[in-house]
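Data block below; observations after.
The values are calculated or read from the model by the stated rules, or taken from the named source; none is laboratory data. Nothing here was measured: the structure is a model prediction, and the numbers come from that model. Cβ coordinates were reconstructed from backbone atoms using ideal geometry, including for glycine residues, and neighbour counts include every protein chain displayed. Please note that ligands, DNA and RNA were not included when accessible areas were found on the heavy atoms of the full protein model with its side chains. Shrake-Rupley method; radii C 1.70, N 1.55, O 1.52, S 1.80 Å.
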Amino acid sequence: MRRIKQLILTLLCLSMVMTSAIGTAYADTAGYTVNAAAGQSEATLNDELYQQWADACNGKFSAEALKEFAVNLKNEYVPRVLYGITQKFTFARPSAEGMKIGLELVYKDNSKAELASVTSNGKEYKLSINMAALNKTDDGKVDVKGDTGAFFGSLTHEMMHAVMFDAVSAGMLADRVWHGNGFTEYVDEFPRWFYEGICQTVGGGINYCSEALGYYDSRLSEDGKKNMTAWLDKFYWLGYEAYAQGYIACLYLGHLAGGSTDTVTADNIAKGLDAIVLDLADGYSLSQTIYRRTQGKYTSIEDLQRKFAADAYDFTIKFLDITYGGTSDINWASTGSVLAAGGLKASKLEMYQGFSGKSDYFTLDISCGGMCDNSSLLPAGRPDRTGGGKTMTKGLRRDGSINTDARKLWTETSYKEPAEPETPTKPGTGDETVIPPSGGTGGGTVTPPSGGGGGGGTVAPPAGGGGGGGGAAVPPAETQKPEEPTQSGTTTTADLSGSTTSQGGQTTTTVDQTTADKLVETAVSGKSEEIVISAVTKNTSAALSVKSSEVALPVETLQKIADKTNADIVIKTDVAEVKLDNKAAEAVAAQTHSETAGKAETVSIAAEKVKEAAKEVHYELKVVTSEGKTISDFKGGSVSVTVNVQKSLSNKKVVCVYIDGQGHYHKVAGKLNADGTYTFTTGHFSAYAVMPEEEADAAIAAQKAAVKQIKLKLSSKLVNTKSGKKGIRLTWKNPSDIKLDGVEIYRSLKKNSGYGKKPISTPKSDKYTNTSVKSGKKYYYKARGYVTIDGEKVYTSYSGKASRTVK
């Protein structure tokens, strides 16, 4: 029976693939632009379009139904889907105000027609919806909620294609001509498994993996593992493997790039994929990016493809543990999307409903009936083609600058070789030499020669290099002797900016023992109330590119400051200003000795920007000993952190949130300062984000909603305890990947009443044995879990009832 059920569901999946499956991104090379609105009002034109579309649907949908559908697409569906994407991925941010994408409703009633598709040439965009793949409701409207929300999964997939075209169009469009910077360049295309697989990670692709689910069920057998490995090995083939094995491959890459090697989580995968596309947008090729983001585990695309099946087996099993869970029936409502607030196992409807905000990135134009040309909206100097390719790239960034570190052909035999500038040519002119910026490998804006005549010329970037985007290394500063600590009023200051080293967006400062001793001596003699260690980069432009700063000082120095003064310690860096009060300094010193048994010589205070976008910046704050131990609790001490706030938030109410291990937000005390900085106070170090209050509130509301949607699966059985007592053992399963803080168990002698308001137990584990039972009695149980979000205990739905009669 189970085999028959598996076969039926597999055939159902194949049917979905052939009729209403996720669509494909298409590169439009004709440069076709529709100017249908000329001379007509939008209302009139829309009415004509709706009727044309209705006629094409052969009476399946009326013009009125299509009008309502189009308006919902413009005002609700597309903005909410884009909101979900832009909340998870920093690369997915508007590159110009008012970017548009045209709408086209088509009717392709054949077995191979996709539900939706996006067409683009990098600046012109069109979203096509196949109305033949959608059903209608009883009252004749377009049914977007049928088939477990397949429409929303497809729409999310396709809008991710649009975002990818915008951010890294060169790699999406293959070896097309770049018209930026006055010369012609060619870049090869991303593999299909990558550009389709990465869109599957947001739209959800678990239903494409039906074959893998069968092998998952038999994973404990030798044949099961062999078959699963063989299935994974097909991931770079043409065809629908791009949507299945390519989907798993992109999840796996995101998992590695996110920094995790054990637990599989949607947030970690999204973090890694974001880092990958940011590298591509910075001009690196996909092979270079794979090498960089897997820390050299794979040297190229080809190296990953050869090793993937064997290397990704354990990851795939862990991923299917979450999305499939080994149940006897395949949960086809599960999406496997990294965007879903309810985790990887949430349905596509739940995924869409969890997008509580709206985005104006790619405003849908329902009046054009085809392509929308954004040429006039693009910032001055932005090239038509941006981002990296497969193995070859010219390092061109979205803003038109060049990342010289990325300008090379990437092969398995050349990945360790230094980058060398190349010599692109402009058809019809003499050779033009691109001169890399002086002073290092930072990218500069390449300015084409004026005049545009036929003679050769030199294309020279601004002197000094730098700027133009992340990824390029900042040359190390020349180490200087630290200045003597100085006393001013009740403040002792040690300026160590001269001895701070910079490399690849990271600054490192070490307080040597001599300077540390003088610092303490000056603070004690001056009865200081504040001790300041400044490691701020003097070069303002260089400081802007710093993403991570670390200051290390002797542990004994912290202990002496705590013992001999009442001073607070202020660490100033390019990323943040961190102020530990005297009690926090004492707590760090004490825990350092405790954690390392007196072996630690230094302790480092580190601040890193892990995510930076127009509306929010995420920080990771750490205190780490030289033995590698992390200290996060200040034992009642207080730490205040001051960071810069983007100018775009100057007119908004800004808040700070602490982000726990599950990604849940908790607001912390803070304020916006007159100088445009923001200061928040905390009693422990972890992940934090500064953002508009409305954005934080929306995220918190979505997180609470996701918890409330969870419904535990409760089971019971009779047991005999070791003491000989009879009992009823309760076990439960959490169908989501949201970790619960605890569970409450309720009991009654009646099925539908009498449970009371107070639980009989609040176990922390996933089982509980009730021994206060009597023979002959039938007991009913229900359970609910809870998660603390923003200081509130948020409860899941109650489980179904479990009952057992004691015999």
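Could you tell me whether Lys653 is open to solvent by 70 Å² or more (accessible area, probe 1.4 Å) and over 21 Å from the mean Cα position of the chain (by Cα)? First the steps, then the outcome.
Numbers: open to solvent by 70 Å² or more (accessible area, probe 1.4 Å): yes; over 21 Å from the mean Cα position of the chain (by Cα): yes.
Taking the combined requirement at face value, the residue satisfies it.
In segment 680-705, the residue that is modelled with the highest pLDDT out of those that are assigned to a strand (DSSP E or B) and open to solvent by 30 Å² or more (accessible area, probe 1.4 Å) is Thr681.
Any idea which of Thr90, Thr119, Thr86 is in a helix (DSSP H, G or I) and either of a type outside the set (D, E, K, R) or modelled with pLDDT of 90 or more (or both)?
Working: Thr90 fails: in a helix (DSSP H, G or I); Thr119 fails: in a helix (DSSP H, G or I).
Exactly one residue qualifies, and that residue is Thr86.
The lone criterion from (1) open to solvent by 30 Å² or more (accessible area, probe 1.4 Å); (2) within 30 Å of Ala212 (Cβ to Cβ); (3) modelled with pLDDT of 85 or more left unmet by Ser337 is number (1). Selection over segment 272-315 of residues that are part of a helix (DSSP H, G or I) and out of contact with any Ser or Thr (no Cβ under 9 Å at 6 or more places or on another chain) gives a count of 10. Selection of segment 57-70 for residues being open to solvent by 50 Å² or more (accessible area, probe 1.4 Å) and either in contact with a Cys (Cβ under 6 Å, 6 or more places away or on another chain) or in a helix (DSSP H, G or I) (or both) yields Glu64, Lys67, Glu68. Inside segment 215-237, can you point out the residues that are touching an Asp or Glu at 6+ places or on another chain (Cβ under 8 Å) and surrounded by 23 or more Cβ atoms within 10 Å (Cβ to Cβ)? Scanning segment 215-237 gives a single hit, Phe235.
Residues of segment 754-764 being surrounded by fewer than 10 Cβ atoms within 10 Å (Cβ to Cβ) and under 14 Å from Leu714 (Cβ atoms), which ones? None; the set is empty. Among residues that are out of contact with any Cys (no Cβ under 7 Å at 6 or more places or on another chain), more than 30 Å from Gly283 (Cβ to Cβ) and surrounded by fewer than 22 Cβ atoms within 10 Å (Cβ to Cβ), Gly98 is not included. Number of residues in segment 42-78 that are under 17 Å from Glu104 (Cβ atoms), modelled with pLDDT of 90 or more and among the hydroxyl-bearing types (Ser, Thr, Tyr) equals 1.
Number of residues in segment 360-414 that are of a type in the set (Gly, Ala, Ser), in a loop (DSSP other than H, G, I, E, B) and open to solvent by 20 Å² or more (accessible area, probe 1.4 Å) equals 3. Within segment 770-779, can one find any residue that is open to solvent by less than 30 Å² (accessible area, probe 1.4 Å), among the hydrophobic types (A, V, I, L, M, F, W, C) and part of a loop (DSSP other than H, G, I, E, B)? Checked segment 770-779: at least one residue is open to solvent by less than 30 Å² (accessible area, probe 1.4 Å), among the hydrophobic types (A, V, I, L, M, F, W, C) and part of a loop (DSSP other than H, G, I, E, B). The single condition among (1) over 30 Å from Asn566 (Cβ atoms); (2) within 24 Å of the chain's Cα centre (by Cα) that Asn644 does not meet is (1). Does Asp574 satisfy the condition of being in contact with a strand residue (DSSP E or B) (Cβ under 7 Å, 6 or more places away or on another chain) and surrounded by 19 or more Cβ atoms within 10 Å (Cβ to Cβ)? When the stated conditions are applied, Asp574 passes them.
Within the set Lys733, Lys708, Lys751, Lys722, the sole residue that is open to solvent by 100 Å² or more (accessible area, probe 1.4 Å) and touching a Phe, Trp or Tyr at 6+ places or on another chain (Cβ under 6 Å) turns out to be Lys751. With respect to Leu320, determine if the residue is surrounded by 23 or more Cβ atoms within 10 Å (Cβ to Cβ), farther than 30 Å from Ser218 by Cα and touching a residue at least 12 places away in the same chain (Cβ under 8 Å). Answer is no for this residue.
What residue, among those in segment 122-165 that are buried (at least 24 other Cβ atoms within 10 Å of the Cβ) and among the polar types (S, T, N, Q), is farthest from Trp53 (Cα to Cα)? Here the answer is Thr156.
With respect to the conditions (1) free of Cβ contacts under 8 Å to residues at least 24 places away in the same chain; (2) of a type in the set (Lys, Arg); (3) within 30 Å of Ala702 (Cβ to Cβ), Lys739 lacks only one, and its number is (1).
Kindly indicate the residue of segment 184-220 that is acidic (Asp, Glu) and assigned to a helix (DSSP H, G or I) and also farthest from Gln87 (Cα to Cα) among those meeting that condition. Among them, the one singled out is Asp217. Which condition from (1) among the hydroxyl-bearing types (Ser, Thr, Tyr); (2) out of contact with any Ser or Thr (no Cβ under 7 Å at 6 or more places or on another chain); (3) modelled with pLDDT of 90 or more; (4) within 28 Å of Val536 (Cβ to Cβ) is the one that Tyr665 breaks? Every listed condition holds for Tyr665 apart from (4).
Residues in segment 674-686 that are touching a Leu at 6+ places or on another chain (Cβ under 8 Å) and aliphatic (A, V, I, L, M): none.
Just the residues that are part of a helix (DSSP H, G or I) and under 33 Å from the mean Cα position of the chain (by Cα), please, taken from segment 577-590. Selection gives Ala584, Val588.
The condition of being buried (at least 16 other Cβ atoms within 10 Å of the Cβ) and under 30 Å from Ser347 (Cα atoms) does not hold for Ile728. Among the numbered conditions (1) at pLDDT 85 or above; (2) surrounded by fewer than 22 Cβ atoms within 10 Å (Cβ to Cβ); (3) in contact with a helix residue (DSSP H, G or I) (Cβ under 7 Å, 6 or more places away or on another chain), the only one that Pro421 does not meet is (1). Residues that are surrounded by 14 or more Cβ atoms within 10 Å (Cβ to Cβ), part of a strand (DSSP E or B) and among the acidic types (Asp, Glu): does segment 787-802 have at least one? The answer is no; no qualifying residue exists.
Do we find a residue being touching a strand residue (DSSP E or B) at 6+ places or on another chain (Cβ under 9 Å) and within 22 Å of Ala275 (Cα to Cα) anywhere in segment 591-599? Taking every residue of segment 591-599 in turn, none turns out to be touching a strand residue (DSSP E or B) at 6+ places or on another chain (Cβ under 9 Å) and within 22 Å of Ala275 (Cα to Cα). When segment 486-497 is filtered for residues that are of a type outside the set (Asp, Glu), in contact (Cβ under 8 Å) with a residue 24 or more places away in the chain and outside any loop (DSSP other than H, G, I, E, B), the ones remaining, listed by number, are Thr486, Gln487, Thr491, Thr492, Thr493, Ala494, Ser497.
Pairs linking a residue in segment 191-214 that is crowded, with 24+ Cβ neighbours inside 10 Å to a residue that is part of a helix (DSSP H, G or I) and of a type in the set (Lys, Arg), with Cβ atoms under 6 Å and 6 or more positions apart or on different chains, are Gly204/Lys348.
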